[in-house]
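The values are calculated or read from the model by the stated rules, or taken from the named source; none is laboratory data. Fair warning: this is a prediction, and the values are worked out from it, not measured in the lab. Note that each Cβ is placed from the backbone with ideal geometry, even for glycine, and that neighbours are counted across all protein chains shown. In case anyone asks, the SASA skips ligands and DNA or RNA and just uses the protein heavy atoms, side chains included. Shrake-Rupley method; radii C 1.70, N 1.55, O 1.52, S 1.80 Å.
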Amino acid sequence: MNIRFHIVDLHLKHPFTIARGSSTVRQTVILELEHDGIVGFGEAAPLQRYDESIKTVSSFFEIIDHKKFADPFSLELILQYVDSITPNNNSAKAAIDIALHDWIGKRLNMPLWKLWGLDKRKTPVTSFTIGIDSPMVIEQKIREAENYPILKVKLGGQNDEEIIRTIRKVTDKPLRVDANEGWKVKELARDKIEWLVSQNVEFVEQPMPANQSADDLFWLHENVSLPLIADESVKTSADILSLKNMFDGINIKLMKCKGTREAIRMIHTARALDMSIMIGCMIESSVGISAAMHLSPLVDYADLDGNLLITDDPFCGLEMNRGSMILNDRPGLGVFPK
Ligand code: MG
């Protein structure tokens with residue numbers, strides 16, 4: 001197995017602002033696993049929030065033992081080895097999981113959705129994300145998003161009500177709200193959410209910080225009338241049980257959970273606990289996005305717009321029409337370098 005990686009700059013169409021901060025460019029790492037003349041692509045989009053950076057991802061790829069990859073079909077053995085190297089580095093581990101699956105799909109001449117036995121017609125419509133901004137820019141962004149039937153709005157900054165009122169002047173589309181841990185006091189979070197009930201909002205993602213006390217999170221869940229989805233509070237399947245009765249659902253991201261194999265475990269765990277499931281993303285190229293898209297027939301909600309928010313996706317082949325994600329019959333991830 002030949003293992004290579006390169007760092008790519010992804011430039012955002014608009015400066016992307018959430019409750020935690022703002023950026024105009026994000027770096028991502030594209031991984032290539034080459035074996036028997038076939039190249040499997042993977043991606044690691046590291047976030048500081050989860051203690052990862054381009055440096056931690058690069059260092060991780062530099063220490064992996066290539067000999068463990070002799071048979072790429074041995075997913076369980078290889079991924080157990082990869083996971084045993086360090087306790088964290090989840091986005092780097094996700095890149096390896098994604099690249100191995102792409103390689104296997106290409107080798108078997110089969111798209112991933114088919115390999116997993118899924119119905120490709122069951123992909124949910126993805127939401128399109130509107131970052132925190134001034135009313136003038138929000139209006140412009142809403143016009144640019146006219147092809148997307150569902151909007152996800154970032155709140156938790158200084159002007160939540162102004163953002164929602166601006167959007168509601170322009171459109172009555174269903175909204176999903178993501179506070180990204182921005183509301184630090186339970187009563188404030190409750191008041192914000194109860195106001196959103198009147199604004200045609202479907203659900204609220206991560207209203208309070210992941211390290212908020214369990215008592216506060218239970219209290220909030222008891223005292224609001226919109227469903228709450230955990231994002232920063234949940235990384236892998238091991239986190240889900242303790243969130244029952246604090247949240248109604250979970251947001252799975254491959255970069256948090258180490259890849260598609262763990263994502264499938266999370267889906268089954270959440271279903272067993274009668275929790276709803278969303279699949280989301282970071283700012284990513286269409287390598288990471290397509291991997292999540294192949295899993296999306298198993299989930300209730302999708303927020304897979306990372307590649308739509310950038311101007312220079314280094315890959316192509318991912319198909320989307322007005323927010324509908326189209327899984328085709330190309331093998332593996334179905335994407336290729338431009
Ligand atoms: Mg979120």
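Details
- Complete set of residues in the range 220-229 that are under 22 Å from the mean Cα position of the chain (by Cα) and surrounded by fewer than 22 Cβ atoms within 10 Å (Cβ to Cβ): L226, P227
- Pairs, first assigned by TED's automatic domain parsing to the domain that holds E181 and under 17 Å from L188 (Cβ atoms) in the range 212-234, second within 16 Å of the ligand (Cβ to nearest atom) and open to solvent by 40 Å² or more (accessible area, probe 1.4 Å), C-beta under 6 Å, six or more apart: L228/D248
- A count restricted to the range 75-90 and to residues that are among the polar types (S, T, N, Q), without any contact (Cβ under 8 Å) to a residue 60 or more places away in the chain and closer than 17 Å to A263 by Cα stands at 3.
- Among the candidates S290, S242, residue that is in contact with a Leu (Cβ under 9 Å, 6 or more places away or on another chain), modelled with pLDDT of 95 or more, among the hydroxyl-bearing types (S, T, Y) and part of a helix (DSSP H, G or I): S290
- Of the residues in the range 293-316, none is on the phi > 0 side of the Ramachandran plot, open to solvent by 30 Å² or more (accessible area, probe 1.4 Å) and not assigned by TED's automatic domain parsing to the domain that holds D51.
- Residue match in the range 93-110 (condition: surrounded by fewer than 23 Cβ atoms within 10 Å (Cβ to Cβ) and closer than 29 Å to L175 by Cβ): no
- Flag for F247 being within 16 Å of the ligand (Cβ to nearest atom), among the aromatic types (F, W, Y) and either on the phi < 0 side of the Ramachandran plot or open to solvent by less than 10 Å² (accessible area, probe 1.4 Å) (or both): yes
- Verdict on E205 being on the phi > 0 side of the Ramachandran plot and either assigned by TED's automatic domain parsing to the domain that holds M293 or surrounded by 17 or more Cβ atoms within 10 Å (Cβ to Cβ) (or both): no
- Tallying residues that are open to solvent by less than 10 Å² (accessible area, probe 1.4 Å) and acidic (D, E) within the range 321-338 yields 0.
- When A210, A238 are checked against the criterion of being closer than 30 Å to G42 by Cβ, more than 15 Å from the ligand (Cβ to nearest atom) and surrounded by fewer than 24 Cβ atoms within 10 Å (Cβ to Cβ), a single residue qualifies: A238.
- Selection from the range 20-41 of residues that are more than 16 Å from G306 (Cβ to Cβ), open to solvent by less than 40 Å² (accessible area, probe 1.4 Å) and modelled with pLDDT under 95: G21
- Residues in the range 89-103 include at least one that is touching an Asp or Glu at 6+ places or on another chain (Cβ under 6 Å), in the same structural domain as V8 (by TED's automatic domain parsing), closer than 24 Å to I267 by Cα and polar (S, T, N, Q).
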